[in-house]
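Worksheet: the structure to be examined is printed underneath.
The values are calculated or read from the model by the stated rules, or taken from the named source; none is laboratory data. None of the values given here were measured: they were computed from a predicted structure. Cβ: placed from backbone, ideal geometry, glycine included. Neighbour counts: every protein chain shown. Remember, those area values only see protein heavy atoms, side chains included, never the ligands or the DNA or RNA. Shrake-Rupley method; radii C 1.70, N 1.55, O 1.52, S 1.80 Å.
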Amino acid sequence: MDSAKFERMENYSAVARLQIELNPKDCERLGLQNFLFATAEGESGRKARCMIFANPDIESGKAKASKRLLERIGFDSPTVIIRKEPYQFVRRGIPKIEHINENAVFATKDLIEKYGDQVELINISNGYRMKLGLKEHENKQLKNKVFINRYQMLLLGLDGGQADRLAIMKSGGDADPSFLPRLFAEIRGGYHALLRSVGQIFVGYRQLDLRVGYIYPFDENHRLCRIHPNIAKFLGLEENDRVIVSYNQKEVELPVLYLDTGNAGEVIKIENEFIDSHLYIGIPATVRFDLGIPNIGTVVRVRRSTKFLLKKHINKLSLPMIALYFTIFSLVENNVQRLLLVLVISPLIIFASLSEERAKVK
């Protein structure tokens, strides 16, 4: 069975996500799992993709929706249809050493044919999830395997094969926009890619996948993030530098504060304190909403902001640049030659002045 109609309960949950709760027996009947997505449809025909949770306090045949979901499908709908989205449990393959640092992850042909090359892996026992781009594995005989490395295993909270816990789904999102919004999004994406390339040349950065966690209550009203001091050092950051946090083709820039390693248990679910604290990035609820992060435990990509570092070091650059322009305009009379010299020499001075910053991530 891939769909069923449920009576919607009058009361709703106030969680800040698209969510619906069902009786565990109803979940089992439909083949639904905690933390996976399904499609909810109201009587008006309005649909939304929502996260599933089994709740034994919910009467069988009934469903409890979140307020945010009801805003999508309608508060006036007395019933809701739940449609299962395709998923399956996958086995973990060990990637070859030469493939470990590639951006895409290798998977068997059958998985790519069924789910496409943009997927999400979810650990149904804890909700840890990460989006991945897939490449087809060279061995055409293998079936139902995703070749993830040890670090990705840690991010997902897995310590073995665990084919009964790791699910794969097609990476979801909003419906494709119309032509003009899609065109503007592509232009904006190209512009940001160009800026990243320039920033990589002049300032440099490392990027790292980290698992989203809660932030200290006194940080919640501020747009900032917290990471472990060792992770900050790896990313080439000092406290109050800024990072770019990206998820699902969205980005935010946030200042960094260090995690208080003596009180990590206040914000992190601790199983192995050393490992969990190093995988953590604490982000306020408002920022998680802006990025469309579905739940705590979602994996995001983090890198330092090259734009911020250029601004931060502007004082280092100002005197060399002023001296350059003064010398050029004093010794060269031809305006075309002046312009050419400025265009050629300025990048060299900027590049040399930022050598110390580049050395942190090289």
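List of remarks:
- Looking across TYR191, TYR214, one residue alone is open to solvent by 60 Å² or more (accessible area, probe 1.4 Å) and either among the charged types (D, E, K, R) or in contact (Cβ under 8 Å) with a residue 60 or more places away in the chain (or both). It is TYR214.
- Test: residue in the stretch 228-248 that is of a type outside the set (A, V, I, L, M) and touching a Gly at 6+ places or on another chain (Cβ under 6 Å): yes
- Among the numbered conditions (1) of a type in the set (A, V, I, L, M, F, W, C); (2) open to solvent by less than 70 Å² (accessible area, probe 1.4 Å); (3) out of contact with any Cys (no Cβ under 8 Å at 6 or more places or on another chain), the only one that VAL336 does not meet is (2).
- Filter result (open to solvent by 90 Å² or more (accessible area, probe 1.4 Å) and either more than 15 Å from LYS135 (Cα to Cα) or in contact with a helix residue (DSSP H, G or I) (Cβ under 9 Å, 6 or more places away or on another chain) (or both)) within the stretch 95-116: ILE97
- Qualifying residues in the stretch 4-34 (those that are among the small types (Gly, Ala, Ser) and modelled with pLDDT under 90) - the one nearest to the chain's Cα centre (by Cα): ALA16
Yes/no per residue for (1) hydroxyl-bearing (Ser, Thr, Tyr); (2) modelled with pLDDT under 90; (3) not assigned by the TED database to the domain that holds ASN248:
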site	(1), (2), (3)
ASP110	no, no, yes
GLU113	no, no, yes
ILE122	no, no, yes
HIS137	no, no, yes
VAL146	no, no, yes
TYR151	yes, no, yes
ASP164	no, yes, yes
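- Looking only at the stretch 51-73, and only at residues there that are in contact (Cβ under 8 Å) with a residue 24 or more places away in the chain and either assigned to a loop (DSSP other than H, G, I, E, B) or not assigned by the TED database to the domain that holds LEU18 (or both), the one that is surrounded by the fewest Cβ atoms within 10 Å (Cβ to Cβ): PRO56
- The stretch 246-287, residues that are open to solvent by 40 Å² or more (accessible area, probe 1.4 Å) and either among the β-branched types (Val, Ile, Thr) or assigned to a helix (DSSP H, G or I) (or both): THR261, GLY262, ASN263, GLY265, GLU266, ILE270, GLU273, PHE274, ILE275, ALA285, THR286
- Condition check for ILE201: open to solvent by 80 Å² or more (accessible area, probe 1.4 Å) and of a type in the set (A, V, I, L, M): yes
- Test: residue in the stretch 22-37 that is open to solvent by 50 Å² or more (accessible area, probe 1.4 Å) and touching a Gly at 6+ places or on another chain (Cβ under 6 Å): no
This table checks each residue for (1) of a type outside the set (A, V, I, L, M, F, W, C); (2) under 25 Å from ILE296 (Cβ atoms); (3) part of a helix (DSSP H, G or I); (4) in contact with a Lys or Arg (Cβ under 9 Å, 6 or more places away or on another chain).
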site	(1), (2), (3), (4)
PHE106	no, no, no, yes
LEU111	no, no, yes, yes
ASN126	yes, yes, no, yes
MET130	no, yes, no, yes
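- Of all residues in the stretch 9-31, those being part of a loop (DSSP other than H, G, I, E, B), out of contact with any helix residue (DSSP H, G or I) (no Cβ under 8 Å at 6 or more places or on another chain) and at negative phi number 4.
- Considering residues of the stretch 74-94 that are among the aliphatic types (A, V, I, L, M) and in a loop (DSSP other than H, G, I, E, B) only, the residue farthest from GLN118 (Cα to Cα): ILE94
- Filtering the stretch 133-150 to residues that are within 15 Å of GLU113 (Cα to Cα) and among the hydrophobic types (A, V, I, L, M, F, W, C) leaves LEU134, LEU142, VAL146.
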